[in-house]
1. Go through the residues of the range 32-41 one by one and say whether even a single one is of a type in the set (Ser, Thr, Tyr) and within 16 Å of Leu102 (Cα to Cα).
2. Restrict the check to the range 3-12 and report whether at least one residue is closer than 18 Å to His116 by Cα, out of contact with any Asp or Glu (no Cβ under 7 Å at 6 or more places or on another chain) and part of a helix (DSSP H, G or I).
3. Go through (1) closer than 20 Å to Arg18 by Cβ; (2) among the aliphatic types (A, V, I, L, M); (3) surrounded by 14 or more Cβ atoms within 10 Å (Cβ to Cβ) for Leu67 and report which single condition fails.
4. When the range 1-45 is examined, which residues are found to be of a type in the set (Phe, Trp, Tyr) and surrounded by 15 or more Cβ atoms within 10 Å (Cβ to Cβ)?
5. Can you confirm whether Val42 is modelled with pLDDT of 95 or more and under 19 Å from Ile94 (Cβ atoms)?
6. When both residues are 6+ apart or on different chains and their Cβ atoms are under 8 Å apart, which pairs have a first residue that lies in the range 1-24 and is within 21 Å of Asp79 (Cα to Cα), and a second that is small (Gly, Ala, Ser)?
7. Can you run down the residue pairs with Cβ atoms below 7 Å, 6 or more apart or on separate chains, where the first is in the range 65-84 and within 15 Å of Asp4 (Cα to Cα) and the partner is at pLDDT below 90?
8. For the range 105-118, give me each residue that is surrounded by fewer than 17 Cβ atoms within 10 Å (Cβ to Cβ) and either among the acidic types (Asp, Glu) or more than 24 Å from Leu59 (Cβ to Cβ) (or both).
Amino acid sequence: MRPDFRLRTSINRALYARRASLTGEEWFERFWQPRGISRQIVEFVYERLSCYSGLRWGLTVPSDRLLEDLQLPLVCWFDWELDFCDELSQELGIQLEDPSLLEKAETVEEFLAFLHSQFR
């Protein structure tokens, strides 16, 4: 199943309307360093989810909801979770046997906190 490219464009426009995009470093320093989230996790998510979703991840904030606001299942390729888990394992050594664990997070903050808890 293909991503909904029109929806991607619409979401990116909405994200741009609320603030300027942050670089990966700025995104880490503004939102994640104060929360104690690992730089490696933040860099990985910033890069990979920008690629998988086509969204400007530097425009997201911790409270953005993965389903309702960012529409991840609709803007990503249908099997993105499998690729994400494979790369997570290869690059960060995080083993997620069940990709559906990623779906338990409702917000960007919960998603990064979950990954951080698996990284330790």
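1. No, there is no match, as no residue in the range 32-41 is of a type in the set (Ser, Thr, Tyr) and within 16 Å of Leu102 (Cα to Cα).
2. Initially, the range 3-12 is screened for residues closer than 18 Å to His116 by Cα, giving none.
So far as the range 3-12 goes, no, none of its residues is closer than 18 Å to His116 by Cα, out of contact with any Asp or Glu (no Cβ under 7 Å at 6 or more places or on another chain) and part of a helix (DSSP H, G or I).
3. All conditions are met except number (3).
4. Passing the criteria: Trp27, Phe28, Phe31, Trp32, Phe44.
5. On the way: modelled with pLDDT of 95 or more: yes; under 19 Å from Ile94 (Cβ atoms): yes.
Taking the combined requirement at face value, the residue satisfies it.
6. As it stands, the answer is Pro3/Ser53; Pro3/Gly54; Phe5/Gly54; Arg8/Ser53; Arg8/Gly54, since those pairs meet every condition given.
7. Phe78/Met1
8. If the condition is that a residue be surrounded by fewer than 17 Cβ atoms within 10 Å (Cβ to Cβ) and either among the acidic types (Asp, Glu) or more than 24 Å from Leu59 (Cβ to Cβ) (or both), then Glu106, Glu110, Ser117, Gln118 are the ones that fit.
The values are calculated or read from the model by the stated rules, or taken from the named source; none is laboratory data. Source: prediction; values computed, not measured. As a convention, Cβ positions derive from the backbone with ideal geometry for all residues, glycine included, and neighbour counts pool all protein chains shown.
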